[in-house]
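To start, the structure itself, in structure tokens.
The values are calculated or read from the model by the stated rules, or taken from the named source; none is laboratory data. The model shown is predicted, which means the values in this text are computed figures rather than measured ones. Positions of Cβ are generated from backbone atoms using ideal geometry, with glycine treated the same way; all protein chains shown enter the neighbour counts.
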Amino acid sequence: MALDKFFRRRRPQVNPVAETETPDLWGKCPQCKENVYLRDLAAGAYVCPSCGLHHRLGASRRAEVLCDSPLEQWSGRVHPVDALKFHDTESYPERLKRAQLKTGRPDAILTGRGSIEGVDVVVAIMDFEFSGGSMGSVVGEEIARAAERAAQMGLPLVLVAASGGARMQESALSLMQMAKTTIALEALSARGLPYISVLTDPTTGGVTASFATIADVIVAEPGALIGFAGPRVIQQTIRQSLPEGFQRAEFLLEHGMVDMIVDRRQQRSDLAKLLRLLMHQPVPVAQAQAASSQAASTQVAP
Amino acid sequence: MSSPTRPTAETLRTLEAHIRDLEGTALSSGQNLDAALSPLREQLERLRGQVSLSRWERVQLARIAGRPTALEYVERLTSEFVELHGDRTFGDDQALIGGPARWQGRPVMLLLQQKGRDTKDKIRRRFGSSNPEGYRKAIRLMDLADKFRLPVVALIDTQGAYPGLEAEERGQGWAIAQSIQRMSRLRVPTVCAVIGEGGSGGALAIGIGNRVLIMENAWYSVISPEGAASIIWKDSAKAPEAAEALKLTAPDLLEMGIVEEIIPEPTGGAHLDIDAAAAALGEAVSRHLDELGTQSPDEWLSGRAARFRKLGAFTES
Ligand SMILES: [Zn+2]
């Protein structure tokens, strides 16, 4: 369930709750039905303190949870256009306008420079709240630029995927973003810079078949739905019900498709640790001291 | 959209059937029916010239029974095709096949999406929809292409990667992404042609060409018309409307800059004259291979990257 709905159900008059505000209220967890004080939820990276449900996050909240301080934002200047004059039940420009009003960004991606526990990084965060995080030309272009700029600056790239797949309204142009992003990421490989993707609920379709799964290290959030074909399409094809937990992060770990599942509350320290190792950066002084004093005390007690 | 007076593919087929009947009668009875036949033949030629197909009619032509599959073209355009099997990890996918061959005399590495020709063959090949092993075999063949400096010729014809339970277990998305990545890294020229259906990532996986060509009645899109219709209208029967909206035909793709060239088909579709369709495909692919042949490995690599880097539509403030 989207977090905005979680808030709205408790207090419909706070509609819509601006993504960065944290209203002083409580809500019921959709999974365990426990009452959760929303301030506690926010303080705990929007993970339910009683059952561990990882709520879906919009891109701004995700950036807050992931980075030390506000991003130096790069995205926002590239805007989508209706190249195909796509019209189904409503026109593509109408859909875009609605999503833009809802999220305050031109398309389903936030990129910029920031740091994770002191490690300088470039981040690219998909915004599921914008049209289901679908990948069109703007998402592709911003990810490509973020990768190329990270390579120029000698910084690693951390990408948070959250997407229902390609953006149908851009048809083949959307499809081509799979190639564009994959090729742009070569700039990081060429310079020996790490690229880490964090797959969140849900990551499906074209995103799974391009940039999200060619990362050096693939991290998944607990319980996230991750796959190429959607469960409904598969069910229609094979005409039998799908096994429990199919296409969930734990299923993918078991099948060797992701490197690790990391609880969101642990992601900052785990990502920073990994990046420091891959980038030959020293352990921060404070942590090194803590570790050595721990080692010393371990020596005393046999 | 169709206007009531415009001849459709159906009109042509009806007329063709009528002519065939008369020809049959003439043959079996020994009568001379030329007086009746020649105006009909002239009319057919005239209509063929006028026919402008709707997007949905082209999708139907791309799928029509008897439409040449990749192997029909390979039989006519190559010699010494040596099919190589298996991904060395799990199995051998029959929807995506390949190996070295001589393309009108030029040594190349073929990557072919093969739909199957009769019912049994179609089932064995899952109607051209690959499991991850297909893409992993393609990656292996691309390794060989690089090692032995063989240009890659890819013939694309799939409704999409196979959406199955086991495909997901074995990393369908991962395999496609890796195939895209591997193809973008090739230090040999790559020429791709969409010969029938170009469905989504499953098609793009072998579509990273220095040149991407498309047959006149083929389609290429991020989703099939049926898939789009079931998402938009919850009704796959609205596929004709979805086909219009998706702008998935060869002329649409040329306009978007996604393909370099449209390969003309015999009037009424490639299935009506497979030899002629093959000749046109062979000529176009050979011409692009020869043009690219004058470049260096760095140019093939950077040219391909630049080609895909610029695709997309957006404005900047
Ligand atoms: Zn809970």
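Being more than 13 Å from the ligand (Cβ to nearest atom) and in contact (Cβ under 8 Å) with a residue 24 or more places away in the chain: is that true of A:Pro30 here?
The answer is no for A:Pro30.
Of the conditions (1) assigned to a helix (DSSP H, G or I); (2) under 24 Å from A:Gln267 (Cβ atoms); (3) among the aliphatic types (A, V, I, L, M), A:Ile125 satisfies every one except a single condition; which number is it?
(1)
Results for (1) without any contact (Cβ under 8 Å) to a residue 24 or more places away in the chain; (2) of a type in the set (D, E, K, R), shown as yes or no for each residue.
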position	(1), (2)
B:Pro266	yes, no
B:His271	no, no
B:Ala276	yes, no
B:Val285	no, no
B:Thr294	yes, no
B:Glu299	yes, yes
B:Ala306	yes, no
B:Arg309	yes, yes
B:Ser317	yes, no
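For the condition more than 7 Å from chain B (Cβ to nearest Cβ) and not basic (Lys, Arg), what is the one hit in A:Ala172, A:Ala162? Before you say what the answer is, go through the steps one by one.
Working: A:Ala172 fails: more than 7 Å from chain B (Cβ to nearest Cβ).
Criteria check complete, one pass: A:Ala162.
Take the residues in segment B:15-71 that are β-branched (Val, Ile, Thr) and under 20 Å from B:Glu265 (Cα atoms), then tell me which one is modelled with the lowest pLDDT.
Applying the filter and picking the extreme gives B:Val51.
Assess whether A:Gly205 counts as being within 29 Å of B:Arg309 (Cα to Cα), within 11 Å of another protein chain (Cβ to nearest Cβ) and at pLDDT below 95.
no
Assigned by TED's automatic domain parsing to the domain that holds B:Ala65 and under 18 Å from B:Ala154 (Cα atoms): does that describe B:Glu265?
no
If you go through segment A:184-197, how many residues are free of Cβ contacts under 8 Å to residues at least 12 places away in the same chain and part of a helix (DSSP H, G or I)?
Within segment A:184-197, residues that are free of Cβ contacts under 8 Å to residues at least 12 places away in the same chain and part of a helix (DSSP H, G or I) number 2.
Taking segment B:191-223 as the region of interest, how many residues are of a type in the set (A, V, I, L, M, F, W, C), assigned to a loop (DSSP other than H, G, I, E, B) and at the interface with chain A (Cβ under 8 Å from one of its Cβ atoms)?
Of the residues in that region, 4 qualify.
Anything in segment A:46-72 that is more than 16 Å from the ligand (Cβ to nearest atom) and either within 14 Å of chain B (Cβ to nearest Cβ) or assigned to a loop (DSSP other than H, G, I, E, B) (or both)? List them, or say none.
If the condition is that a residue be more than 16 Å from the ligand (Cβ to nearest atom) and either within 14 Å of chain B (Cβ to nearest Cβ) or assigned to a loop (DSSP other than H, G, I, E, B) (or both), then A:Gly58, A:Cys67, A:Asp68, A:Ser69, A:Pro70, A:Leu71 are the ones that fit.
It is to be established whether one or more residues within segment A:243-251 are modelled with pLDDT of 95 or more, of a type in the set (A, V, I, L, M, F, W, C) and farther than 18 Å from A:Val47 by Cβ.
Yes, the conditions are met somewhere in segment A:243-251.
Can you tell me how many residues in segment B:139-170 are of a type outside the set (Ser, Thr, Tyr), assigned to a loop (DSSP other than H, G, I, E, B) and within 14 Å of another protein chain (Cβ to nearest Cβ)?
The qualifying residues number 6.
Given the criteria out of contact with any strand residue (DSSP E or B) (no Cβ under 7 Å at 6 or more places or on another chain), within 16 Å of the ligand (Cβ to nearest atom), more than 14 Å from chain B (Cβ to nearest Cβ) and modelled with pLDDT under 95, does A:Ala43 qualify?
Here the answer is yes, as A:Ala43 does meet what is asked.
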